[in-house]
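Before any comments, here is the structure.
A short reminder: the numbers here are calculations on the coordinates, not readings from a lab. On a predicted model such as this, the values are computed, not experimentally measured, just so you know. FYI the Cβ positions are ideal-geometry reconstructions off the backbone, even for glycines, and counts take in every protein chain you see.
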There are 2 protein chains.
Amino acid sequence: MTIKQVSEKYGISADTLRYYEKTGLIPDVPRTPGGIRDYDETACGWVEFIICMRNAGLPVEVLSKYVELCKQGDSTAKERKQILVNQRQQLIEKIESLNASLDRLNFKINYYDEIILKKERELKNGIEKP
Amino acid sequence: MTIKQVSEKYGISADTLRYYEKTGLIPDVPRTPGGIRDYDETACGWVEFIICMRNAGLPVEVLSKYVELCKQGDSTAKERKQILVNQRQQLIEKIESLNASLDRLNFKINYYDEIILKKERELKNGIEKP
DNA sequence: ATACAACTTAGAGCTGACTTCAAGTCAAGA
DNA sequence: TCTTGACTTGAAGTCAGCTCTAAGTTGTAT
């Protein structure tokens, strides 16, 4: 798979894919003899995982550290798990705080619904009895 | 209330408060005759609201537009509501996507739990029957 | 063979959201 | 009154995370 195909498959720019690879987020992308990227299933799996984690807001730096540990093999399993557990905690807190903001937004919108409705009723009454 | 007190009350830097005011996110901050900010309750209310919305990820630009409409009075109520409704939709989608990433993170962590447990069992067996 | 799109790299540039700086003003305590 | 620290401004700097550019190479269709 070329970089363009991968970029279309996952909805991410080819530039970003190259950037991710350069910063160590996507290991072992195969190349053709001419030096052109030729993603296999493993590489695609990494791309998908990294996109998902970036979407969750894990910093590029943290992911790059995680991938480095992966490459070092089994002995780093505990450390890798710890990274994910920490990031999960932060993610949970973020989701909670977003839900709180969502509540507030809902409340505000409700308020607008009320005042807009009220204004429309007033307008209608004005028309009915001039 | 001085800018410092407000900054401590809401856990945001004085620099950020000035920046928000300059970009139109916080209207009508009163000043002392000497030109020093002296936040009243209304201004604090705005600060709190803006921090909450920024936390939800609403862009500074959108909030500045919203505040501008607020200043223009009642006639902009519908437009303001529409801004909030749009932003709410985006927020809902973001929360959903974060929850999906959280699921994936949980799955991954579970997997680590298993392999780490397995490794520890193997290690223990190795000690028990050498 | 030749055109032409898609690929390669290093490195510069952009965006959003602050954050810091420089140079000066204000205000409360000794 | 003088010092000290908090405040003021506009402008420049920083940071993460891309995004674009330039100059050159690869690969495919005619």
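Annotations for the structure displayed:
- Helix A:41-55 axis, angle to chain A major axis (alpha carbon atoms, nearest 10°): 40
- Bridging of B:LYS124 to lysines at a Cα separation below 24 Å is possible for A:LYS78, A:LYS81, once same-chain residues fewer than 8 apart are set aside.
- Placing dummy labels 7 Å off each Cα toward the beta-carbon, the span from B:VAL62 to A:LYS119 is 2.1 nm.
- Span from the segment A:90-129 Cα centroid across to the segment B:58-130 one, whole angstrom: 23
- Neighbour-limited loop hits for trypsin sites (Lys or Arg not before Pro), segment A:1-88 (at most 12 other Cβ within 10 Å; DSSP other than H, G, I, E, B): none
- Across q = 0.12, 0.13, 0.16 Å⁻¹, chain A modelled as identical point scatterers on its alpha-carbon atoms has Debye log10 I(q)/I(0) values of -0.63, -0.69, -0.88, in the order of the q list.
- Where only DSSP H runs of four or more residues are counted, the protein assembly as shown gives -25500 deg cm²/dmol as its mean residue ellipticity at 222 nm, each run worth -39500 (n - 2.57).
- Global size of the protein assembly as shown as Cα Rg and Dmax, reported in angstrom: 25.9, 100
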